[in-house]
């Protein structure tokens, strides 16, 4: 009997320890417009802000949005997901220069879904990625920021995935992939609309790193960037910049598609470049290559003749 009682006491103690550990930080946290920043943010007692919920959530956990509301700026320092389905999860102010800052560990994957980031013309970036393994942005809207998405890892090769999202009215770059130091980047932008960026709609810069960029832009639109290019790539930092543009459109910009700097190649296929002051523009060392399936016409000046590349 003593043996069974000891085992039962041990089981109860272990269960209490598990409950205490779960209470400290859960894998599922919840926020609501009527929540309060206390406790551990369970669905029965949601918290009020993303930042508080983030701090209660374990690595690889998720923050779920229960009701429409404004959930404030956020700094992400761990692998985590934020999910807003069927509700409007708003961030309309920044902290430390951004609505969301991702400054996580080298293996951290961060996923953001269903967010509306409207920074109202203030001096803040929508999403500023500084470090981490990967950033996934899906079904999000980013408006009236300095840069919509700023992706600037300083080491390793980080991954950016943006799908089914809109970036509008950026005061500088709509989406900027610009690693520094020895950092590199791989990026996939699919079904993305970038509208009315003051400078460049979608920018890939490797001139500030010894690393390389490999990117694909597919089924996407860059429009209305009057100050510079709809889509532009620029290298010269020591690595290479390779961008594939497939089934996409760059329209009504100062330059439709641009490439410049040593080691920079932009390949285009099944895409439209129209309504721009200059259709295709090349700077020193840059290459624009075409599969011969594009429509580059209706620009004030259609620009350079791209290098032909065979389809295999």
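Taken together, the values in this text are just the output of simple stated rules run on the coordinates, not laboratory data. Just so you know, these numbers come straight off a predicted model, no measurement behind them. Here Cβ is always computed from backbone atoms with ideal geometry, including for glycine, and neighbour counts include all displayed protein chains.
Quick notes
- For the range 159-312: rounded, prolate or oblate by the Cα gyration tensor [a/c cutoff 1.5]: rounded
- Degrees separating the helix 2-24 axis from the principal Cα axis of the chain, which is the longest one: 40
- Comparing Cα centroids, the range 143-189 and the range 80-136 end up 11 angstrom apart.
- The range 24-64 and the range 228-307 have their alpha-carbon centroids 45 Å apart.
- When you restrict to C-alpha pairs under 8 Å that are six or more residues apart and normalise by the size of the chain, the relative contact order lands at 8 percent.
- As a calculated quantity, the FRET efficiency between residue 289 and residue 55 at R0 = 41 Å, using C-beta atoms, amounts to about 0.30.
- The Cα-based radius of gyration of the range 117-208, divided by its Kirkwood radius, gives an Rg/Rh of 0.95.
- Values of log10 I(q)/I(0), in the order q = 0.10, 0.12, 0.13 Å⁻¹, for the chain under a Debye, Cα-only, solvent-free model: -0.58, -0.77, -0.87
- Listed by Cβ neighbour count within 10 Å, with the fewest neighbours leading, 291, 71 appear as 291, 71.
- Ranking of 47, 41 by count of other Cβ atoms within 10 Å, fewest first: 47, 41
- Each of 244, 311 has some number of other Cβ atoms within 10 Å of its Cβ, and from fewest to most they run 311, 244.
- GNM flexibility winner over the chain from 134, 168, 95 (Cα, springs under 10 Å): 95
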